[in-house]
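Pasting a structure below so you can have a look.
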Ligand SMILES: Cc1cc2nc3c(=O)[nH]c(=O)nc-3n(C[C@H](O)[C@H](O)[C@H](O)COP(=O)(O)O)c2cc1C
């Protein structure tokens, strides 16, 4: 059975942990899974499906996540692809915030349309940021803490696993 790849980008590690949780839930659903940083993926050949995850920074997915989708678009268009994003704006729980977060995925969507998109609240630990970014986040009064909803991540992944097993 060929594998499902969970490829992620991260700056402070919270998206890596979500990618690992997605990987575990896919494995529990009976799929063979590999979890890798986008920069360590050689090619899409060995995989039957790919999940790509990144935090949102400055309204965008990290450039290496969008770059990964662009680089591998030909291969990715032939298999099911899902995207997820972490952001603090998703804490607001408003449609406007969801819309903004979804817009961060537009460049990737244009390259390869996904079968599923997950938008999750993220985490902010100022100790992991440069002094400049610490100041910036204080100025914009960004919420500090870990707001990741592991149940939401699991529920989304179970839905995705069911879809991947159908197809
Ligand atoms: C400099 C900076 C910019 C950010 N910009 C956004 C943003 O535009 N929208 C959003 O929802 N979250 C934003 N966030 C929150 C991050 O997406 C969130 O903290 C995420 O969990 C970080 O992921 P990582 O730990 O994998 O790097 C920003 C965080 C930082 C530090």
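Rounded if a/c is under 1.5, else prolate if a/b is larger than b/c, else oblate: which is the chain, with a ≥ b ≥ c the root eigenvalues of its Cα gyration tensor?
The shape class here is prolate.
Also: Taking the Cβ-Cβ separation of residue 2 and residue 149 as r and a Förster radius of 30 Å, what is the calculated FRET efficiency to the nearest 0.05? Intermediate values should be presented prior to the final figure.
Numbers: r = 30 Å, r/R0 = 1.01.
After rounding to 0.05, the efficiency reads 0.50.
Rank the residues 132, 68, 120 as a footprinting-exposure proxy: fewest other Cβ atoms within 10 Å of their Cβ go first.
Lowest count first: 132, 120, 68.
Mind giving me the nanometre distance, one decimal, between the label points for residue 48 and residue 130, set 7 Å out from Cα along Cα→Cβ?
Computed distance between label sites residue 48 and residue 130 equals 4.4 nm.
Quick check on the chain: of the DSSP beta bridges with both residues there, what percent are antiparallel, nearest 5%?
DSSP beta bridges in the chain are roughly 15 percent antiparallel.
Separate question: As I understand it, the value is the acute angle between the Cα axis of helix 14-28 and the longest principal axis of the Cα atoms of the chain; what does it come to in degrees, rounded to 10?
Helix 14-28 and the main axis of the chain meet at about 30 degrees.
Calculate the translational D of segment 1-64 in whole µm² s⁻¹ from Stokes-Einstein, where the hydrodynamic radius comes from the Kirkwood formula applied to all Cα pairs, the temperature is 25 °C and the viscosity 0.890 mPa s.
203 µm²/s
Here's another thing I want to ask about it. Where does the chain land at 222 nm, in deg cm²/dmol rounded to the nearest 500, when only DSSP H runs of n ≥ 4 count, each adding -39500 (n - 2.57), divided by all residues?
The helix-only estimate for the chain comes to -12500 deg cm²/dmol at 222 nm.
Further question on the same structure: For each of 54, 2, count neighbouring Cβ atoms within 10 Å of the residue's Cβ, then give the residues from fewest to most.
Taking fewest neighbouring Cβ atoms as first place, the list is 2, 54.
Give me 31, 62, 133 sorted ascending by neighbouring Cβ count inside 10 Å, so fewest comes first. Each step should come with its number before you reach the end.
On the way: 31 19, 62 22, 133 16.
Exposure proxy ranking, most exposed first: 133, 31, 62.
So what's the gap between the Cα centers of segment 86-111 and segment 124-166, to the nearest angstrom?
So the two Cα centres are separated by 12 Å.
Enter the angle in degrees (range 0 to 90, nearest 10) between the Cα long axis of helix 150-166 and the first principal axis of the Cα atoms of the chain, meaning the one along which they spread out most.
Approximately 20 degrees, to the nearest ten.
Another one. For the residue pair residue 94 and residue 78, what label-to-label distance in nm results when each label sits 7 Å from Cα along the Cα-to-beta-carbon direction?
Label-label distance for residue 94 and residue 78, simple model: 4.5 nm.
Given R₀ = 35 Å, what would the calculated FRET efficiency be for residue 36 paired with residue 163, taking r from the Cβ atoms and rounding to 0.05? Walk me through the numbers before you get to the answer.
Values: r = 21 Å, r/R0 = 0.61.
With R0 = 35 Å, the Cβ-Cβ based efficiency is 0.95.
Measuring from label point to label point, each 7 Å out along Cα→Cβ, what is the residue 70 to residue 28 span in nm?
About 3.7 nm, to one decimal.
No value in this document is a laboratory result; all are computed from the given coordinates. These figures come from a predicted structure and were not determined experimentally. Please note: Cβ atoms are built from the backbone with ideal geometry, for glycine as well, and neighbour counts cover all protein chains shown.
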